[in-house]
1. Say we look at the range 47-81 and pick out the residues that are touching a residue at least 60 places away in the same chain (Cβ under 8 Å) and among the hydroxyl-bearing types (Ser, Thr, Tyr); which of these is farthest from residue 138 (Cα to Cα)?
2. Among the residues of the range 87-120 satisfying the criterion of being buried (at least 20 other Cβ atoms within 10 Å of the Cβ) and of a type in the set (Val, Ile, Thr), which is farthest from residue 260 (Cα to Cα)?
3. Could you tell me whether residue 226 is touching a Pro at 6+ places or on another chain (Cβ under 8 Å), among the hydrophobic types (A, V, I, L, M, F, W, C), touching a residue at least 40 places away in the same chain (Cβ under 8 Å) and outside any loop (DSSP other than H, G, I, E, B)?
4. Quick check: anything in the range 179-186 out of contact with any His (no Cβ under 8 Å at 6 or more places or on another chain), surrounded by 16 or more Cβ atoms within 10 Å (Cβ to Cβ), among the aliphatic types (A, V, I, L, M) and modelled with pLDDT under 95?
5. Just to be sure I understand the filter: pairs with C-beta atoms under 6 Å, separated by 6 or more residues or on different chains, first member in the range 143-165 and under 17 Å from residue 236 (Cα atoms) and touching a residue at least 24 places away in the same chain (Cβ under 8 Å), second member surrounded by 19 or more Cβ atoms within 10 Å (Cβ to Cβ) and of a type in the set (D, E, K, R). Which pairs pass?
6. Filtering the range 238-260 down to residues that are within 25 Å of residue 131 (Cβ to Cβ) and aromatic (Phe, Trp, Tyr), which residue is surrounded by the most Cβ atoms within 10 Å (Cβ to Cβ)?
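The values are calculated or read from the model by the stated rules, or taken from the named source; none is laboratory data. Nothing here was measured: the structure is a model prediction, and the numbers come from that model. Cβ atoms come from the backbone with ideal geometry, glycine included; neighbour counts cover every protein chain shown.
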Amino acid sequence: MRPSRRPYVLCLLLLLVVQIGRAQNQPATSPAVPPPPHAKQIHLKHVLVIGQTKGYEHDSVPDAMAAIYNMGQESGLWDTTMRTDTELITKKDLKRNTKNLDYFDLLVFTSTTGELDLDASQKADMMSFIKDDGKGFVGIHAALDTNYTWPEYGEMIGGWFDQHPWMTFNAPIITEDPDFPAVRHFPKAFVKYDEIYQPKEWSRDKVNVLLSLDPAKLDYANNPRIHRADHDFAVAWSKMYGKGRVFYSTLGHTEEAWQDPDIRKMYFEAIKWALGMTDGSTASHPHPAASR
């Protein structure tokens, strides 16, 4: 039998009365009473961050998870549940006061790798969460290096990892959609030291490419890792999956990336967009090089 919470509630009420009394009896010259702790807003969103790795484990996973948690706390726009397992990716009643997908508004994969621990019912629930319920999904870096044996996952996120031809380097990036909220703070052309994934089973006809590598500034000589003959290397994109909004970016490989205000702002705005708080296009467009 669950113990009564009345003594706990009464103690809180008594403490509140004492604090109010102290405040009323303070002399005019006394310091101001500190403001109450930040209270959750009634419209607060709920974000589930998954950092499970079944393949290569990125050192930046904790940095990414902490950044998302802090962005939610500092902005007051969402609270964050962080897990390195996949138990909560389900619509089943888990009991034990444990939340499931019905509680959350957004799912974030932070450099997950390999075949995650998801059974058939969990996979169906996750796709329904996005496609049917219209909830959001944000994939960070190695989220593209995940679930190769699950076709619906590749369709949802937009493709899969197929090497990083230049490893971690000073990537020459161009902004393709300066109106999209997650990338509008970037200049037309810029450089970031990061690891840029080459996507396979991916087509810009199915996504809105937001950032991409500048093909005119890449070194193609003696690089067997380059598999795309079209030299189209997207760095970030947006898309719809049914009713749900999906954002992915390869940026965020290094721990240092999560100290970069530009990267943090990109993911902050991406989460807001995926939560439906802002508007941004998901319509595809040709590669800028095609119009030169």
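1. For the range 47-81, the residue satisfying everything is 56.
2. Across the range 87-120, the extreme among qualifying residues is 90.
3. no
4. Checked the range 179-186: no residue is out of contact with any His (no Cβ under 8 Å at 6 or more places or on another chain), surrounded by 16 or more Cβ atoms within 10 Å (Cβ to Cβ), among the aliphatic types (A, V, I, L, M) and modelled with pLDDT under 95.
5. Filtered contacts from the range 143-165: 158/239; 161/145; 164/195.
6. Per the criteria, the residue is 247.
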